[in-house]
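As structure tokens, the structure follows; a few thoughts come after it.
Bear in mind these aren't lab numbers, they're just calculated from the coordinates by the rules spelled out. Because the structure is a prediction, the values reported are computed rather than measured. In this analysis, Cβ positions are derived from the backbone assuming ideal geometry, glycine residues included, and neighbour counts consider all displayed protein chains.
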Amino acid sequence: MKFTNTLAALTLCASGANAFMSQKPSTFNKIESNLFSERALEQRLANLEKGTSAGSSFANYSSAATGRIWEEATEVTVQGSSLRTWSFPSPAVERVQVALKTEGRPLDADVELWQGPDNTPVKMRVYIEDGALRPFSSVVETPRGPNTIAIRNIGQIEFPMSACVSADTIEYSAFEVDRFASMTIQGGALRTYPFDPTVESVKVTLKTDGRPLNARIELLQGPNNNKQVIELYTEDGMDRPFAAVLETPGSGNVVRVVNTAPVEFPMTASVEANSIDTAASSTDVVLGGGNTY
């Protein structure tokens, strides 16, 4: 009987040891995963201090090609209440960059993607208080050509604007939502993202799981003071995600993203700093609402 009890105790100890050994790999993997996340986050913060982000290839595009399009592409003046179109008949053109600006006057425009008769898979309404201080830059997906980009200046004739549409200024063909900064916004909900005065520009990326995308993006500087507003519609948020760079000069900048679709249509949003002025200080006095004084 004593021998039997001893054998049972040894068996119980062995089974306990085996159970502990079977849990060790999962525990180790969990710790290793946490360390990987911490290292990746530290690397991302270090990249943000340099003005870049390794977690998203769109960051490389936005920092390199936002100003490049004005130097290499043909600039077209769009008068008030007029329409200009850019056609891309080749199906090899998968995405194009759209850039808009003014000489300091307000900018109010409609940007549409036409694909076939009476088919408009992407629509954007863009309003900017100062088109020189905050020019508009976005990427429009154009799979399965031919495609046409239509830009209509819906402002008055006293408010012309300059437009550039090019497929050659995009250096990186793919961009993804940064998993560290992305979050799900349910239908009818909104999220706000405040930024430090040292942040000069912000990149915004929106997508869905294949459902339509309806959103309103606002850049505020003060209580309900809209400096830039983008009303967006995309028929397929996975096939045609939205990506843009918002200039954020001055202090008190807040980006507000509203999912204007019903609750059945959630979306994934990533709003993070794109370029940072490392020489500036968050405690510096800002005069006139800008950082150029």
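Quick look at the numbers
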read-out	value
Translational diffusion of the range 76-129, µm² s⁻¹ [Kirkwood Rh, Cα pairs; Stokes-Einstein; 25 °C; 0.890 mPa s]	187
Cβ-placed point charges (K, R +1; D, E -1), dipole of the range 52-276 about Cα centre in debye, nearest 20	300
Pairwise FRET efficiency - D239 versus A132, Cβ, R0 = 41 Å, nearest 0.05	0.75
Computed FRET value (nearest 0.05) for R191 with T74, which takes r as the C-beta separation and R₀ as 51 Å	0.85
Separation of the R125 and R84 label points, Cα + 7 Å toward Cβ, nm	2.3
Gain upon complete extension [D168, V263; 0.36 nm per residue less C-alpha separation]	30.4 nm
Theoretical gain in end-to-end length, R152 to A279 [0.36 nm per residue, Cα-Cα removed]	41.8 nm
Burial ranking of peptide ranges 204-213, 115-124 (average Cβ count within 10 Å, highest at the top)	204-213, 115-124
Long-range amide H partners of A189 with built H, under 5 Å	N259
Cut-off under 5 Å, modelled amide H: who pairs with R211 long-range	G237, M238
Dimensionless Rg ratio for the range 52-276, taking C-alpha atoms and the 2.2 N^0.38 Å reference	0.94
